[in-house]
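Report on the structure given below.
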């Protein structure tokens with residue numbers, strides 16, 4: 001039998017190796033952003049001195065500022081709309097519970113099995129007829145209500161104290177008042193979890209913006225990175241810098257809110 005101390009050492013050695021393998025692609029990406037294209041191709045793992053040159057070439061050939069702004073605007077809009085609609089829906093499914101809502105919830109969960117490619121063309125025709133191409137509204141509409149987030153908020157609402165709701169109703173508080181003034185603050189970790197998931201999905205969304213964003217002024221970061229590798233010659237140092245700039249916002253947001261993210265996931269799994 002392995003001694004406890006040896007077992008502990010082996011356990012942490014395994015966890016360290018797994019963490020190193022997980023973080024290596026990010027480190028290599030950041031290091032490659034400082035090197036020339038030939039250094040990236042040959043697999044150089046040491047930082048270089050071409051960071052500013054790569055940035056200058058990226059800024060000269062593409063409007064990186066506009067792409068970042070468009071991505072932030074679209075992602076924040078999608079996150080805000082999705083959190084509002086899905087939290088109200090999840091709250092309603094649980095607090096005003098009945099058998100009919102259970103059946104509807106099952107139908108919603110089944111909709112998660114439908115691939116986006118199956119509804120992409122009808123969505124495009126709809127936003128086109130509404131004159132919403134190249135707009136944030138067209139980007140946000142398909143993400144306003146998602147079955148996963150509704151389910152997440154429904155699961156969290158199961159553990160919202162019913163005594164608080166009854167006491168608030170006796171005091172004459174409206175249902176919307178109970179939701180916004182009591183449910184929302186208590187379920188903050190669930191909102192953080194849902195917000196991180198929605199923001200990351202919206203930020204990394206490539207297929208839908210590729211279809212609806214048909215002008216240079218509406219380009220987003222995934223499309224800009226795609227344009228960097230489209231051509232006869234690819235500058236991999238510039239590509240890696242573009243990818244690094246695109247990844248930074250989501251990494252920073254997750255690191256700042258990871259504790260609340262974990263709490264939100266655990267609260268929905270109880």
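Odds and ends about this structure:
- Debye-sum result for the chain in log10 I(q)/I(0), which assumes one identical scatterer on each alpha carbon, at q = 0.11, 0.15 Å⁻¹: -0.82, -1.17
- Pairwise FRET efficiency - residue 204 versus residue 24, Cβ, R0 = 22 Å, nearest 0.05: 0.65
- Remark: the residue 118-residue 6 segment gains 35.0 nm on full extension, using 0.36 nm per residue and subtracting the alpha carbon distance.
- Convex hull of the range 10-64 built on C-alpha atoms - directionally averaged projected area, nm²: 4.8 nm²
- Ordered by the count of other Cβ atoms within 10 Å of each Cβ, fewest first, 69, 28, 208 give 69, 28, 208.
- Percentage relative contact order, the range 7-92, counting C-alpha pairs under 8 Å, at least six apart: 17 percent
- Ordering 144, 233 from the fewest to the most neighbouring beta carbons within 10 Å gives 233, 144.
- Anisotropy class of the range 192-259 from Cα gyration tensor, a/c 1.5 cut: oblate
- What separates the Cα centres of the range 134-152 and the range 22-37 is a distance of 33 Å.
- From the C-alpha gyration tensor of the range 1-111, square roots of 5λ in Å: 43, 33, 11
- Seen from all directions on average, the range 150-236 presents a Cα convex hull projection of 9.0 nm².
- A Förster radius of 30 Å combined with the Cβ-Cβ distance from residue 102 to residue 171 puts the calculated FRET efficiency at roughly 0.50.
- Cβ crowding within 10 Å ranks 62, 97 as 97, 62, fewest other Cβ atoms first.
Read-outs: derived from the displayed coordinates by stated rules, not from any lab. Note that the structure is predicted; figures quoted are calculated from it, not measured. All Cβ positions, even for glycine, are placed from backbone atoms using ideal geometry, and neighbour counts span all protein chains on display.
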